[in-house]
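**Student:** Got a structure for you, written out below as structure tokens; questions coming shortly.
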There are 4 protein chains.
Amino acid sequence: MQRVGIVGYRGYSGAELVHLLHRHPHIEPVLMDHREDAGGTPAIRRATPPTRIPCTGEAVHQQALALVFLATPPDVSMELASVILASGARVVDLSGAFRLRTPENYTAWYKEPHTQPELLAEAVYGLPEFCRHLIPAARLVSNPGCYPTAANLALRPLLEAGVIDRASGIVCDAKSGVSGAGRKPSLKTSFCEVTGNFSAYSILHHRHVPEVLQISGLAEHEFSFTAQLLPLDRGILETIYFRAPSLSAAEDLLAIYERQYAAEPFVRLFNPPHMPDLRGVARTNFCDIGVAFDAPTKRAVIVSAIDNLVKGAAGQAIQNMNLMLGYPETEGLL
Amino acid sequence: MQRVGIVGYRGYSGAELVHLLHRHPHIEPVLMDHREDAGGTPAIRRATPPTRIPCTGEAVHQQALALVFLATPPDVSMELASVILASGARVVDLSGAFRLRTPENYTAWYKEPHTQPELLAEAVYGLPEFCRHLIPAARLVSNPGCYPTAANLALRPLLEAGVIDRASGIVCDAKSGVSGAGRKPSLKTSFCEVTGNFSAYSILHHRHVPEVLQISGLAEHEFSFTAQLLPLDRGILETIYFRAPSLSAAEDLLAIYERQYAAEPFVRLFNPPHMPDLRGVARTNFCDIGVAFDAPTKRAVIVSAIDNLVKGAAGQAIQNMNLMLGYPETEGLL
Amino acid sequence: MQRVGIVGYRGYSGAELVHLLHRHPHIEPVLMDHREDAGGTPAIRRATPPTRIPCTGEAVHQQALALVFLATPPDVSMELASVILASGARVVDLSGAFRLRTPENYTAWYKEPHTQPELLAEAVYGLPEFCRHLIPAARLVSNPGCYPTAANLALRPLLEAGVIDRASGIVCDAKSGVSGAGRKPSLKTSFCEVTGNFSAYSILHHRHVPEVLQISGLAEHEFSFTAQLLPLDRGILETIYFRAPSLSAAEDLLAIYERQYAAEPFVRLFNPPHMPDLRGVARTNFCDIGVAFDAPTKRAVIVSAIDNLVKGAAGQAIQNMNLMLGYPETEGLL
Amino acid sequence: MQRVGIVGYRGYSGAELVHLLHRHPHIEPVLMDHREDAGGTPAIRRATPPTRIPCTGEAVHQQALALVFLATPPDVSMELASVILASGARVVDLSGAFRLRTPENYTAWYKEPHTQPELLAEAVYGLPEFCRHLIPAARLVSNPGCYPTAANLALRPLLEAGVIDRASGIVCDAKSGVSGAGRKPSLKTSFCEVTGNFSAYSILHHRHVPEVLQISGLAEHEFSFTAQLLPLDRGILETIYFRAPSLSAAEDLLAIYERQYAAEPFVRLFNPPHMPDLRGVARTNFCDIGVAFDAPTKRAVIVSAIDNLVKGAAGQAIQNMNLMLGYPETEGLL
């Protein structure tokens, strides 16, 4: 058994980490109290409640934590990552702090200076399906954003295969459950405002866009993205539109995905009449990808679905941890 | 007071018609029993329950109905429309029976022959914002589909203004509440299948597509449409993407809409940070249209929202009735 | 047209007041900015937005407001009521400030001193079905709580008829939609905490209990009440259990209600298989009451349902206003 | 690995069985096609789909099934149980077919004759917390109903301790998620009818009542039960009211439960401010029981919560299977 710490265990991603890690045969999760956590009670009902320690370098060292998950806002992650690394534990950060490659890009999208440019340079982007070779040796892994995970898994194989007509543009219409907005109470995520409602936000300018561009290689003008709030708690579904002039059937798209993902444990493929939906991925680490194609007009639609708290956050973080600590990649996740 | 009949008053659109007509100062709604209605009890609680009559030409004549709403499937509408017209009442049909201009097009999308080609030739498409001049004199008005109403009100002014780059295509990502699927029980609309879920259906091939093409003038390859099921009972929101290379700001789009809709009582315009959402249109006859534009890349996003049972069905049907019977267009609808 | 003011128009009850008053033919609603309202935008989309004035005695006087609705917390209502009365307007208060008859009782349940004991002595309890005679002349009407409205309309006629076995006790199991908790964001009313959930709160000790006791004449040990949170936005349904040893059929209970409520416009009666539910009362001012009775064992169950924002708040407040200003009691409410 | 069969695997309880059994280290689930199953596709997405066999005695024998779960309507269970037992497999039946002790009682509540009176005499009631000693040797275990499981676990310890004033009666106000009504489409369980709604059904006369009476020893006139439909997919919460004149504090109630359930793996106890809710038991086999008590008036309220598909159906069935096949009782359930 190895011990790993979780900072931000009261948030939805943090609580999901605790929940999932309890199923992991080789890991003992340890809750780390940071600021507002101290004194409160974790929202977890268990016969043996998990160990709780203060979130300090000393405690990391004393408890011999192998790794710490930061399920914290980016500014907190920037502050804590260096402390924890200095205390000998490795880090998987679930915030946006270390996702964009340059401090300038971070500042442009997150509207604050990056205080840890050296760590940013060192951080490895934790999308195992494309960055698996870099993760085992990484000290600091930056866990991908939820929207970019679903978008990049859908787009990158097709872009590498060169079948998308980039000139006419790609549209990614994304819908997310409310847990993606975090646990902090706000009017926007109040029950009475969300139930029976559906609304768009951050139209064309969501801060997850640059993460998609980075991994997919697309330019901003080629990729139109809108985020929308669904009246449900968990799940992201993205409907992606483009033209594929060189293809002749949905099978051509499927073949590209099958080649790419043949050995991937967490990507499943669909074509009509069966297409991905949110219940199919809820509480799983799967990314379900479905393809539709209109041959006469060469228009394609890809539906990509994940659970934003699992493959979009805690599950993928554990996938990264497994790679970092030498466990089978799927341990605790199937 | 004029009497109007409602066939299909147990369905969601029909029940909404009854509900809304009770607020109309000049209309007395009469329920017309057709097949499975006979014997049952309408789901309406009122001190004085509405009059119920059999759905026959004789009853139409006897009751001196001025107009009959057909909230019935297309095959039933085809069968009943001629009977009712022959009995002296006018007809607003809420089905898809008389929306497409040719019997061939109907057969191609609805997978059955059209049995009333003469009526089809006579029918007037009831989108008042664009066909208002034809409606007062019409005997038979075909009430628009829910998805096409939201799409055409958003697209046609911009297409007429010539600002959309049609070559790179328009994407319309549509989401609908469950009442759009009708009241007949099915696994797809069961509570346990829909709650917490979101899914796409009829990707690129929904039967409402030709209705959009007809009114907007777009060709099929220019318009990519996907319908999706939201876990809520009423409302349609469409997120529409295109390029507008000649424009320089969101205000240019707004100006086009303002010109078009200045005198329209049921179209409201928005721009960020305020954008349409489903609660804003629920139980109203409004179509709320919001615009977003990224000037450097010329990409535009339009959000168009209606209540599928009101502006997308019963409300618009009453708007048409008002025009046909000479009442103020907004009577009973504000 | 008479002008009436609304303080707290951003809250759910206040917004419902504004919404309902726009349908009233003789009333022009005026928004009154109090503290946090100032500077913000009301969540109301209208061609002509309502007039907004500061919440001061001067403004009340200047605008010649006939009446002011206080949709505010009890401490704010205590503070504002005297100011508004002094400026010549009458008051309908929707808070709990003036519902309990003595300052001591108020302090016991609301955990703060009552600062306006003279006004408390003067206040008339605004349950028109039982206090109608006192309302027209009242300067200050205290609008009943949502739970007590449903409970008292169900219980009082039966208690007056003496058919309930009080010795064996009455159980009132109450369920409410989330809007009853107000619009202020909190974790308890966050979407992700409420959706898919159901929970009890204030078991046996809810502050609405003394209001039921006051009107029904029950003693605390005779009335067991639990409040519970439903995953929906509006509606209260109470399931009430007791024994009625002298009765022989459900019809006996119905007969008592029919006698009491024959002329009441807002009470509707049901018996199995038709029983009240929340959709039946949503967005209406009705209280729907259904009775079930097991003759061999003399056990009765009453189901009482209202919309907590209408008959449980804004609708009943307008009913009171109509009585106070001399309009037909149902004006704007049917 | 032992193989066990599941008949009715398309229903919600059957699908939950398949889902849960895939986590069981010693069991391989086998789908058994019965009537309408044949030809269809199970709603399960897996790399290796489970084996499917016809639902015949021959197949049971050939596959050497150790046990078969019947997640079928009572008439189908009566028909299949004897066939399967004759083929050498044991049976856990999830229907109401074998729950009531006499054919007469069955007929009175299920409105049809009991066709297998000998099997009924042999069947063991599978509530492990009270019938554990009889389950290991049973050929046929009747899995308890969902409502009775929550009610009996809450009531029986207190009734055995003699602390409830039975003369003044017990009220059990029960609320269930929609999956309790089964997967067959019906208007009552349609999304648009259920969302935003709450309603009572089978008031005082639910067919689960005699099951509570049988296990608790209560008489019908002592136990008032109402079932109600919550707008959520899974979970049952029962609010139970009675008087306990001999007790002086909530701790006295807790002490009785603690004595009874000290060694039970699936019962958890709560007292205010922490009380059971549906999210706390969702997707678990726990029954959470919370107590509240008003000492001056001796009134008690018990809140009992389970997941109707787990402890109320599939989970408890696996608990029974574990006991029957000699596995640790919690295997696959924690």
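**Student:** Quick one: which residue in A:255, A:263, A:292 is among the hydrophobic types (A, V, I, L, M, F, W, C) and buried (at least 18 other Cβ atoms within 10 Å of the Cβ)?
**Tutor:** When all the criteria are applied, what remains is A:292.
**Student:** Scan region A:216-243 for residues that are surrounded by fewer than 19 Cβ atoms within 10 Å (Cβ to Cβ) and under 21 Å from residue A:161 (Cβ atoms) and report the count.
**Tutor:** Qualifying residue count for the region: 2.
**Student:** Would you confirm, using the coordinates I've provided, whether residue D:228 is more than 9 Å from chain C (Cβ to nearest Cβ) and polar (S, T, N, Q)?
**Tutor:** no
**Student:** Report, by residue number, each residue of region C:35-52 that is in contact with a helix residue (DSSP H, G or I) (Cβ under 9 Å, 6 or more places away or on another chain) and either modelled with pLDDT of 95 or more or in a loop (DSSP other than H, G, I, E, B) (or both). Walk me through how you get there before you give the answer.
**Tutor:** The first filter runs over region C:35-52 and keeps only residues in contact with a helix residue (DSSP H, G or I) (Cβ under 9 Å, 6 or more places away or on another chain), leaving C:35, C:42-45, C:50, C:52.
If the condition is that a residue be in contact with a helix residue (DSSP H, G or I) (Cβ under 9 Å, 6 or more places away or on another chain) and either modelled with pLDDT of 95 or more or in a loop (DSSP other than H, G, I, E, B) (or both), then C:42, C:43, C:44, C:45, C:50 are the ones that fit.
**Student:** Could you list, in sequence order, the residues of region B:206-225 that are touching a helix residue (DSSP H, G or I) at 6+ places or on another chain (Cβ under 9 Å) and at the interface with chain A (Cβ under 8 Å from one of its Cβ atoms)?
**Tutor:** Residue satisfying the conditions is B:220 alone.
**Student:** Any idea which of (1) touching a residue at least 60 places away in the same chain (Cβ under 8 Å); (2) closer than 23 Å to residue D:305 by Cα; (3) polar (S, T, N, Q) is the one residue D:142 doesn't satisfy?
**Tutor:** (1)
**Student:** Among the residues of region C:204-215 satisfying the criterion of being touching an Asp or Glu at 6+ places or on another chain (Cβ under 9 Å) and at pLDDT 95 or above, which is nearest to residue C:148 (Cα to Cα)?
**Tutor:** So the residue we want is C:209.
**Student:** Could you please find all residues in region D:178-197 being within 14 Å of chain C (Cβ to nearest Cβ) and under 14 Å from the mean Cα position of the chain (by Cα)?
**Tutor:** D:179, D:180
**Student:** Could you list, in sequence order, the residues of region D:123-164 that are farther than 21 Å from residue D:103 by Cα and among the small types (Gly, Ala, Ser)?
**Tutor:** D:137, D:150, D:151, D:154, D:161, D:162
**Student:** Would you check which residues across region D:53-80 are crowded, with 23+ Cβ neighbours inside 10 Å and part of a helix (DSSP H, G or I) and list them?
**Tutor:** D:60, D:77, D:78, D:80
**Student:** Still on this structure: Can you pull out every residue in region C:217-248 that is assigned to a strand (DSSP E or B) and either without any contact (Cβ under 8 Å) to a residue 24 or more places away in the chain or among the charged types (D, E, K, R) (or both)?
**Tutor:** C:238, C:243
**Student:** Quick check on my filter: what residues within region A:271-281 are surrounded by fewer than 20 Cβ atoms within 10 Å (Cβ to Cβ) and more than 10 Å from chain B (Cβ to nearest Cβ)?
**Tutor:** A:271, A:274
**Student:** Out of B:251, B:211, which single residue is assigned to a helix (DSSP H, G or I) and closer than 26 Å to residue A:223 by Cβ? Give the derivation first.
**Tutor:** On the way: B:211 fails: closer than 26 Å to residue A:223 by Cβ.
The unique qualifying residue is B:251.
**Student:** Follow-up question, since we're still on this one. Considering every residue within region B:291-306, establish whether at least one is within 11 Å of chain A (Cβ to nearest Cβ), part of a loop (DSSP other than H, G, I, E, B) and in contact with a Leu (Cβ under 9 Å, 6 or more places away or on another chain).
**Tutor:** Checking region B:291-306: at least one residue is within 11 Å of chain A (Cβ to nearest Cβ), part of a loop (DSSP other than H, G, I, E, B) and in contact with a Leu (Cβ under 9 Å, 6 or more places away or on another chain).
**Student:** List every residue pair whose Cβ atoms lie under 8 Å apart, where the two residues are 6 or more positions apart in sequence or sit on different chains, the first residue falls within region D:96-113 and is more than 20 Å from residue D:80 (Cβ to Cβ) and touching a residue at least 60 places away in the same chain (Cβ under 8 Å), and the second residue, located anywhere, is of a type in the set (D, E, K, R) and assigned to a loop (DSSP other than H, G, I, E, B).
**Tutor:** The qualifying pairs are D:109/D:207.
**Student:** Do we have any residue at all in region D:168-176 that's closer than 27 Å to residue D:10 by Cα and facing another protein chain (nearest Cβ under 9 Å)? Before you say what the answer is, go through the steps one by one.
**Tutor:** Kept after step one, since they are closer than 27 Å to residue D:10 by Cα, are these residues of region D:168-176: D:174-176.
Restricting the remaining residues to those that are facing another protein chain (nearest Cβ under 9 Å) gives D:175.
Within region D:168-176 (the criterion being closer than 27 Å to residue D:10 by Cα and facing another protein chain (nearest Cβ under 9 Å)), the answer is yes, since at least one residue qualifies.
**Student:** With (1) modelled with pLDDT of 95 or more; (2) part of a loop (DSSP other than H, G, I, E, B); (3) assigned by TED's automatic domain parsing to the domain that holds residue B:173 as the list, and residue B:258 as the residue in question, which single condition is left unmet?
**Tutor:** Condition not satisfied by residue B:258: (2).
**Student:** Yes or no: residue A:284 in a loop (DSSP other than H, G, I, E, B) and more than 10 Å from chain B (Cβ to nearest Cβ)? Walk me through how you get there before you give the answer.
**Tutor:** Values: in a loop (DSSP other than H, G, I, E, B): yes; more than 10 Å from chain B (Cβ to nearest Cβ): yes.
Yes, satisfied.
**Student:** Is it true that some residue in region A:229-242 is out of contact with any Ser or Thr (no Cβ under 8 Å at 6 or more places or on another chain) and either closer than 23 Å to residue B:194 by Cα or modelled with pLDDT of 95 or more (or both)?
**Tutor:** no
The values are calculated or read from the model by the stated rules, or taken from the named source; none is laboratory data. Note that this is a predicted model, so its numbers are computed, not measured. Glycine also receives a Cβ, built like all others from the backbone with ideal geometry; neighbour counts cover every protein chain displayed.
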